[in-house]
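Below is one structure, written out as structure tokens, with a few remarks after it.
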Amino acid sequence: MNENKTVYSALKPTGDLQLGNYIGALNNMVKLQEENDCIYTVADMHSITVDCVPQDLRRRTYDFMALFLAIGLDPDKSILFVQSHVPQHAELAWVLNCYTQFGEARRMTQFKDKSAKNPENVNVGLFAYPTLMAADILLYQADRVPIGKDQKQHLELARTIAERFNNRYSPTFVVPEGIFNTHGAKIQNLLDPSSKMGKTDDNQQGVVFLLDDEDTIMRKFKRAVTDCGSEIVARADKPGISNLLTIYSVMSGHTVKEAEKHFQGASYASFKEEVGQAVVAKLAPIQAVYKQLIADKSTLEKVMKEGAQKASYLANKTLSKVYRKVGFVQPK
Ligand code: AMP
């Protein structure tokens with residue numbers, strides 16, 4: 001019997017992938033595939049809940065898949081696919097909408113934040129985002145879902161919906177557990193170490209994108225904000241230096257303690273230069289593979305197609321159970 005856990009994770013192509021995504025999510029996704037049955041999605045359907053330029057979405061969907069492969073996600077070990085290629089996501093989401101209370105969805109802080117930020121486009125899809133996310137996870141009977149803190153409330157709702165459905169009918173869905181980034185590697189914006197580095201930050205000069213070229217990366221690190229004093233140590237009163245040490249540690253494979261020792265007595269300028277070099281060295285082979293894949297999209301399209309077929313097979317098993325339980329007549 002297969003004892004592996006099923007892990008589901010999705011990244012939405014609303015902005016280009018950046019170093020925080022790599023350190024906080026992608027790096028871990030590669031490790032998880034060694035001991036679990038992993039299902040990884042480019043969540044394009046979630047992207048259109050906010051304003052989204054079609055050609056950017058199209059380009060990023062390919063970019064994300066190419067980067068998935070380039071960082072080491074392996075289509076022979078994990079299922080890699082594009083969400084809109086598996087229509088069961090939308091189909092299950094509709095059913096789950098009918099098992100989610102309006103009041104529950106209205107309490108979601110991400111909906112409140114996003115609608116406050118963009119009052120011109122408070123669309124129903126944005127409101128129903130958490131039920132689509134619940135469908136993504138529940139379709140595959142995922143045991144574990146690696147998520148950032150920002151998705152904790154949505155995962156709680158997915159669990160509530162799963163339990164409600166299971167109690168009302170009979171056990172149908174696995175109730176998923178969140179996996180939180182335990183080593184706490186949260187990467188901050190290089191120009192503002194008090195705020196998280198994000199794909200859509202206004203302060204793009206403080207965000208290192210995975211596809212930035214060497215000069216751009218080095219320039220961003222040279223301009224990184226540091227702190228008072230001259231010591232290179234990870235400490236609460238040194239958010240800029242601590243952030244750079246975390247980045248160096250993950251990218252070079254050394255612990256933060258080892259990094260502190262290595263940089264003892266170094267100037268801030270040479271420290272920042274070396275952190276930049278460690279990032280360039282780690283990203284260079286990833287970018288090389290990315291360039292090959294993006295130059296000839298047929299490999300990517302094959303991976304997308306085969307991934308969608310595997311995902312669809314699993315998704316159908318859950319969806320047909322759900323349809324039967326709610327009373328839909330199966331087509332003969
Ligand atoms: P987002 O790009 O905000 O949709 O995030 C996608 C995934 O990347 C989530 O699992 C986040 O926790 C992770 N992530 C994004 N930015 C960072 C960051 N600055 N530090 C650590 N993890 C991050």
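Every number in this text was worked out from the coordinates using simple rules, so none of it is lab data. None of the values given here were measured: they were computed from a predicted structure. Cβ coordinates were reconstructed from backbone atoms using ideal geometry, including for glycine residues, and neighbour counts include every protein chain displayed.
Quotient of the Cα radius of gyration of region 190-292 and 2.2 N^0.38 Å, N being its number of residues: 1.05. The calculated pair-distance distribution of region 84-194 uses every alpha carbon pair, bins of 10 angstrom beginning at 0, and gives 13, 39, 33, 12, 2, 0 percent.
Which entries of Lys12/Lys291; Lys12/Lys199; Lys152/Lys317; Lys186/Lys238; Lys199/Lys305; Lys310/Lys332 have Cα-Cα distances beyond 18 Å here? Result: Lys12/Lys291; Lys152/Lys317; Lys199/Lys305; Lys310/Lys332 exceed 18 Å.
The Cα trace of the chain gives Rg and Dmax of 21.1, 75 Å, the first to one decimal, the second as a whole number. Across all Cα atoms of region 1-147, the radius of gyration (one decimal) and Dmax (whole number) stand at 15.7, 52 Å.
Taken along the Cα-to-beta-carbon direction at a fixed 7 Å, the label points for Asp202 and Asn167 span 4.4 nm. Cross-link reach is defined here as a Cα-Cα straight distance under 15 Å, omitting same-chain residues fewer than 8 places apart; for Lys112 the aspartates and glutamates meeting it are Glu104, Glu120, Asp150. Screening the chain for whole DSSP H helices of 20 Å or more along their axis (Cα) with average Kyte-Doolittle hydropathy at least -1.0 returns 54-71, 124-139, 268-295, 297-326.
Between Cys98 and Asn316, the C-beta separation translates, for a Förster distance of 22 Å, into a calculated FRET efficiency of about 0.65. In region 177-225, the ratio of gyration radius to Kirkwood radius, Rg to Rh, stands at 1.05 when only Cα atoms are counted.
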